[in-house]
Amino acid sequence: MEIDQSLLKELDVIREPGSLLAEIHKRFGNRMAIATSGQPTDTAIIALIIKSGVLSPRVYTTDTLRLFPETYAYYEILEKYFKIKIERFTPPEDELTKMVQQHGEFLFFDSKDKQEYCCHVRKVLPNQKALDTMDAWVTGLRRDQSASRAQLPRLEIIEHAGRPILKVNPLADWTEQKVSEYLKTNGIPNHPLFEQKLSDGYYYESLGCVICTTPIGPHEPRRAGRWRWFNSLDDKKECGLHLPETSHEK
């Protein structure tokens with residue numbers, strides 16, 4: 001199937017997220033995969049596609065080998081609840097060994113360059129391996145997550161390894177509140193760390209690796225909890241997963 005602008009136009013008329021996902025699955029089958037990192041939006045997407053009639057959607061995660069214990073436990077909960085199997089894509093062993101030998105296990109404290117290098121090895125490379133197996137990539141990105149995502153399209157075409165991939169952000173126009181209400185209304189289990197009520201109003205806004213993620217305060221920006229030690233430098237902190245593919249050879 002051609003992945004081009006005419007395909008985007010055909011799919012864009014389907015406004016309901018579950019119906020959109022079902023149609024894409026009809027066209028691509030197991031060459032379509034839903035990414036999850038345990039975020040509520042990812043879970044809502046899984047629920048929506050199953051509700052639409054796709055009983056065994058392909059779901060995967062990029063396992064950095066440093067996720068919260070609660071995240072690994074939550075994946076097991078999702079697998080039982082939805083009756084699915086979440087594929088795990090891990091960092092390439094040779095690249096991981098090379099990075100740790102050259103820069104140490106906790107290189108992400110040293111500089112933003114090294115933090116991004118660590119994310120590239122632990123997260124981006126596994127995701128690229130996952131993309132090798134698909135033509136349609138479904139993500140939980142939303143427009144309200146950051147200023148840089150304010151114009152996020154529901155459907156776009158990206159390039160991976162010299163070929164086009166349909167990138168689908170089915171809940172791009174949903175708000176955080178709408179996602180939360182959808183999970184609660186339908187009795188869908190949420191990640192336990194998002195349900196925690198911490199002291200002084202602190203809470204988890206997003207979850208990544210266990211060392212690099214901290215709760216944020218009620219008046220802090222959304223990305224303040226990621227690589228907190230860089231907050232004094234700037235707030236443009238990314239793991240690189242949703243940026244154009246580049247090389248991070250060191």
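The values are calculated or read from the model by the stated rules, or taken from the named source; none is laboratory data. These numbers were taken from a predicted model, which means no experiment stands behind them. Backbone-built Cβ (ideal geometry, glycine too); neighbour counts: all protein chains shown. Remember, those area values only see protein heavy atoms, side chains included, never the ligands or the DNA or RNA. Shrake-Rupley method; radii C 1.70, N 1.55, O 1.52, S 1.80 Å.
Return the pairs, sorted by first residue and then second, in which the second residue is part of a loop (DSSP other than H, G, I, E, B) and of a type in the set (G, A, S), the first residue lies in segment 208-221 and is within 16 Å of L198 (Cβ to Cβ), the beta carbons are less than 8 Å apart, and the residues are 6+ apart or on different chains.
T213/S206
Restricting attention to segment 189-203, report how many residues are open to solvent by 70 Å² or more (accessible area, probe 1.4 Å), of a type in the set (S, T, N, Q) and either within 22 Å of T139 (Cα to Cα) or not in a loop (DSSP other than H, G, I, E, B) (or both). It would help to see each step written out before you state the result.
Within segment 189-203, the subset open to solvent by 70 Å² or more (accessible area, probe 1.4 Å) is 195-197, 199-200, 202-203.
Cutting the leftovers down to of a type in the set (S, T, N, Q) gives us 196, 199.
After this cut, where a residue has to be either within 22 Å of T139 (Cα to Cα) or not in a loop (DSSP other than H, G, I, E, B) (or both) as well, the list is 199.
Qualifying residue count, segment 189-203: 1.
Kindly provide the set of residues from segment 155-188 that are among the charged types (D, E, K, R) and either touching a helix residue (DSSP H, G or I) at 6+ places or on another chain (Cβ under 6 Å) or open to solvent by 40 Å² or more (accessible area, probe 1.4 Å) (or both), ordered by number. I'd like the intermediate steps shown before the answer.
Step one: list which residues in segment 155-188 are among the charged types (D, E, K, R), which gives 156, 159, 163, 167, 173, 176, 178, 181, 184.
Within segment 155-188, E156, E159, R163, D173, E176, K178, E181, K184 meet the criteria.
List every residue pair whose Cβ atoms sit under 6 Å apart, with the two residues 6 or more apart in sequence or on different chains, where the first one lies in segment 5-23 and is over 18 Å from I157 (Cα atoms) and the second, anywhere, is β-branched (V, I, T).
Here the result reads A22/V54, each pair linking segment 5-23 to a residue that is β-branched (V, I, T).
Tally the residues that are of a type in the set (S, T, N, Q), open to solvent by 50 Å² or more (accessible area, probe 1.4 Å), over 20 Å from G38 (Cβ atoms) and without any contact (Cβ under 8 Å) to a residue 60 or more places away in the chain, restricting the search to segment 90-144. Full working, then the answer.
Taking segment 90-144 and keeping what is of a type in the set (S, T, N, Q), we get 90, 97, 101-102, 111, 115, 127-128, 133, 139.
In the following step, the residues that additionally are open to solvent by 50 Å² or more (accessible area, probe 1.4 Å) were identified as 90, 97, 101-102.
Subset that is over 20 Å from G38 (Cβ atoms): 97, 101-102.
Then keep just the ones that are without any contact (Cβ under 8 Å) to a residue 60 or more places away in the chain; that gives 97, 101.
Of the residues in that region, 2 qualify.
Kindly establish whether S206 is within 21 Å of I77 (Cβ to Cβ), of a type in the set (G, A, S), at pLDDT 85 or above and assigned to a helix (DSSP H, G or I). Lay out the reasoning, then the answer.
Details: within 21 Å of I77 (Cβ to Cβ): yes; of a type in the set (G, A, S): yes; at pLDDT 85 or above: yes; assigned to a helix (DSSP H, G or I): no.
It is false that S206 is within 21 Å of I77 (Cβ to Cβ), of a type in the set (G, A, S), at pLDDT 85 or above and assigned to a helix (DSSP H, G or I).
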